[in-house]
Amino acid sequence: MTTLVYCGHCGRETTDGNHDACRHALTLEPPRYCAECRRRMVVQVHPMGWSARCSVHGTLSSPL
């Protein structure tokens, strides 16, 4: 299992402040930062969902 060190919405460490607004935003939009390495991800939004690709950790996609 991977450890989520960084916020997928703002890119800050998950222990750095309150991320309630970020968690809410991530229910509506794809993550912009990799939660493992903080790299900015390449995000594609399509009619059936989204995909986000980290150059190191691979691709995430929206649940169907």
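What the table shows:
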item: Matching residues in the range 50-64 - criterion: being among the polar types (S, T, N, Q) and within 14 Å of ARG39 (Cα to Cα); result: SER55, THR59
item: Among (1) buried (at least 16 other Cβ atoms within 10 Å of the Cβ); (2) in contact with an Asp or Glu (Cβ under 7 Å, 6 or more places away or on another chain); (3) at pLDDT below 95 - the single one THR2 does not satisfy; result: (1)
item: Members of the range 29-61 found to be in a strand (DSSP E or B), surrounded by fewer than 14 Cβ atoms within 10 Å (Cβ to Cβ) and either touching a Lys or Arg at 6+ places or on another chain (Cβ under 7 Å) or of a type in the set (Lys, Arg) (or both), listed by number; result: ARG40, VAL42, THR59
item: Criterion (surrounded by 12 or more Cβ atoms within 10 Å (Cβ to Cβ), outside any loop (DSSP other than H, G, I, E, B) and either in contact with a Cys (Cβ under 7 Å, 6 or more places away or on another chain) or β-branched (Val, Ile, Thr) (or both)) met by exactly one of CYS10, CYS22; result: CYS22
item: CYS22 over 13 Å from LEU4 (Cα atoms) and touching an Asp or Glu at 6+ places or on another chain (Cβ under 9 Å); result: no
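The values are calculated or read from the model by the stated rules, or taken from the named source; none is laboratory data. This is a predicted model, so every value here is computed, not measured. Neighbour counts are summed over all protein chains in view; Cβ atoms, including those assigned to glycine, are modelled from backbone coordinates with ideal geometry.
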